[in-house]
Amino acid sequence: MMNEIALEKLRNILGNNNVSVEREQILNYLVDETPIPIRPHPAADVVLVKPLNTEDVSRLMIFANEHQIPIYPRGGGTGLAGGAIPTRNGIILSLERMNKIEIDVGNMMAIAEAGVTLSKLDESATSAGLSFPPHPGDENAQIGGLVATNAGGSRAVKHGIMRNQVRELEIVLPTGEILNLGRRVRKNNVGFDLMQLIIGSEGTLAVITKATIQLYSEPAVQLTLIIPYDNQHSAISTVPKMIHAGISPLAVEYAELDLLKKTAEHLNSRWPVTQGNCCLIVILEAADREELFSQSLAIMKICQQQTTYEIFAAESPSDQSNILRIRSGIYTALKSKTMDMLDITVPIAELEHTIDAISNVMATSGVEIPVYGHAADGNLHVHIMEAKDKGLNYVENLENEIYQIANSAGGVITGEHGIGKIRLEKLSLSLGRKELQLMKEIKKIFDPNGVLNPETKLPL
Ligand SMILES: Cc1cc2nc3c(=O)[nH]c(=O)nc-3n(C[C@H](O)[C@H](O)[C@H](O)COP(=O)(O)OP(=O)(O)OC[C@H]3O[C@@H](n4cnc5c(N)ncnc54)[C@H](O)[C@@H]3O)c2cc1C
């Protein structure tokens with residue numbers, strides 16, 4: 001247990017009520033959404049702190065750095081790579097009380113403290129007559145976590161991933177200095193782009209305390225299409241054609257029909273389409289109905305070259321959000337029997353070949369390996385399911401085979417969930433020796449004592 005003098009110091013910095021040592025109060029902060037079989041084990045002696053402002057975070061970092069106590073920044077705990085789990089005795093830094101948000105309508109931006117949730121960002125944008133169309137993670141994810149993981153999500157096709165939405169960041173370095181990076185501008189070529197370095201650094205270079213996020217005008221109309229196909233080939237081969245045709249949907253998702261039906265059941269809902277074996281879900285947005293109609297016509301023309309099934313169009317907001325809810329719920333529906341969930345990403349021209357290669361792995365291994373994902377980004381979620389008769393090493397063997405498939409297609413081992421604490425050993429599959437060395441040197445410059453989120457993102 002952290003000694004009484006250190007605890008007293010923490011209480012002086014943050015106030016008695018914002019420092020917890022009771023295990024029951026901390027339990028929920030020792031886990032995240034990583035599948036249980038691969039979830040890292042939390043350390044025994046951890047203290048939970050909840051600062052209210054950036055100055056408190058700064059004082060906390062100076063204290064931790066001086067005493068070389070590991071600090072684990074934490075957002076909503078919805079991460080899928082164990083990034084927020086405290087694996088050494090130390091301090092969990094929850095940003096949840098830092099949850100103020102204001103909207104700069106003139107510049108169409110939200111200035112959000114790190115603890116603002118994705119759903120609060122959405123609501124605040126909408127009530128200011130604006131919108132935040134990307135849907136980069138679970139609704140309970142917080143701005144700090146979304147930026148730290150450079151989250152992507154289903155609606156990245158048109159507006160991009162978190163990296164493309166951030167204009168300014170307020171951060172606290174592991175040594176306590178507060179920095180303001182970026183400006184509310186669309187072009188900025190001053191020096192090296194430290195802000196972009198922090199985005200996606202998974203809480204290893206700095207604590208994010210505030211972010212300025214780009215908002216968009218509120219789309220007048222949206223339409224969700226479900227396009228059923230007989231087989232994955234026909235579905236996946238349509239995706240590059242859509243992109244080549246210059247159509248820019250908000251989202252293009254791929255999933256098998258069985259999976260969507262099971263997830264709908266799990267959520268006490270109903271998947272609205274019964275035809276085919278798999279489908280593409282395409283979300284379109286436009287300024288008016290005419291533009292929406294011409295986009296959907298163009299999509300239908302392309303899709304009908306590969307399928308004869310009727311295309312389902314959901315117009316009402318409730319039908320559309322039900323479809324997105326079911327698609328987003330696939331992970332939760334599969335979770336209890338998932339051994340690992342990979343999120344490989346390949347160039348879109350390689351998607352068809354990649355999905356075939358994974359089907360071959362499934363056929364030869366006899367293990368169930370459902371695949372779905374953000375098709376227009378080439379980002380596939382690949383679940384390796386429980387197979388009790390396969391012995392101990394089957395999960396790791398399958399992981400390696402699938403990573404090899406991604407690599408040989410010119411892809412990467414993770415597109416959105418990150419390396420976290422669960423993929424450290426696999427990093428060298430996607431990075432060369434010199435790249436790794438440079439990254440380790442960067443980490444040392446930011447965090448000379450290695451106090452910030454150790455055992456995450458980079459091997460020691
Ligand atoms: C049902 C479900 C659906 C999901 N869908 C998607 C998806 O579509 N796309 C996607 O990319 N992800 C998705 N995710 C994963 C997750 O929502 C995202 O990774 C999200 O960005 C995590 O945010 P969080 O606040 O929960 O972070 P946490 O899990 O708390 O932390 C994640 C990482 O960020 C660091 N961190 C957190 N806050 C800070 C901070 N203030 N400063 C510095 N570092 C910090 C942590 O140390 C950790 O390394 C999904 C998860 C679930 C459960």
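The values are calculated or read from the model by the stated rules, or taken from the named source; none is laboratory data. Quick caveat, the model's predicted, so the values are computed rather than measured. As a convention, Cβ positions derive from the backbone with ideal geometry for all residues, glycine included, and neighbour counts pool all protein chains shown. For the accessible areas, the whole protein counts, side chains as well, though only heavy atoms, and no ligand, DNA or RNA atoms are used. Shrake-Rupley method; radii C 1.70, N 1.55, O 1.52, S 1.80 Å.
With the requirement that a residue be out of contact with any strand residue (DSSP E or B) (no Cβ under 6 Å at 6 or more places or on another chain), within 16 Å of the ligand (Cβ to nearest atom) and of a type in the set (A, V, I, L, M, F, W, C), what does the stretch 105-120 give you?
Scanning the stretch 105-120 gives a single hit, LEU118.
Specify the residue that is nearest to the ligand (Cβ to nearest atom); the eligible residues are those in the stretch 197-211 that are open to solvent by 10 Å² or more (accessible area, probe 1.4 Å) and farther than 16 Å from PRO454 by Cα.
Applying the filter and picking the extreme gives ILE208.
Sort out for me the helices (runs of 4 or more DSSP H) sitting completely within the stretch 348-460 that have 2 or more residues that are open to solvent by 40 Å² or more (accessible area, probe 1.4 Å) and among the charged types (D, E, K, R).
In the stretch 348-460, the matching helices (runs of 4 or more DSSP H) lie at 351-365, 394-408, 433-446.
Looking at (1) more than 11 Å from the ligand (Cβ to nearest atom); (2) in a loop (DSSP other than H, G, I, E, B), can you tell me which one GLU123 breaks?
Against the list (1) more than 11 Å from the ligand (Cβ to nearest atom); (2) in a loop (DSSP other than H, G, I, E, B), GLU123 comes up short only on (2).
Would you confirm, using the coordinates I've provided, whether GLU139 is among the acidic types (Asp, Glu), modelled with pLDDT of 95 or more and within 14 Å of the ligand (Cβ to nearest atom)?
When the stated conditions are applied, GLU139 does not pass them.
What residue, of ASP138, ASP104, is of a type in the set (D, E, K, R) and crowded, with 20+ Cβ neighbours inside 10 Å?
ASP138
Starting from the stretch 183-196, keep only residues that are within 14 Å of MET109 (Cβ to Cβ), then list their pairs with residues that are surrounded by 10 or more Cβ atoms within 10 Å (Cβ to Cβ) and among the basic types (Lys, Arg) whose Cβ atoms are within a distance under 6 Å, requiring at least 6 positions of separation or different chains.
ARG184/ARG167
Considering the stretch 314-332 alone, what residues qualify as being open to solvent by 50 Å² or more (accessible area, probe 1.4 Å) and away from the ligand (no atom under 12 Å from the Cβ)?
Selection gives GLU315, PRO317, SER318, ASP319, SER321.
Criterion first (over 23 Å from PRO448 (Cα atoms) and open to solvent by 40 Å² or more (accessible area, probe 1.4 Å)) does LEU52 satisfy it?
yes
Quick one: is PRO240 away from the ligand (no atom under 14 Å from the Cβ) and modelled with pLDDT of 95 or more?
Here the answer is no, as PRO240 does not meet what is asked.
Just need a number here: residues in the stretch 126-136 that are over 24 Å from GLU416 (Cβ atoms) and either within 14 Å of the ligand (Cβ to nearest atom) or among the β-branched types (Val, Ile, Thr) (or both).
1
In the stretch 333-347, which residue that is open to solvent by less than 10 Å² (accessible area, probe 1.4 Å) and not hydrophobic (A, V, I, L, M, F, W, C) is farthest from the ligand (Cβ to nearest atom)?
Filtering first and then ranking leaves ASP340.
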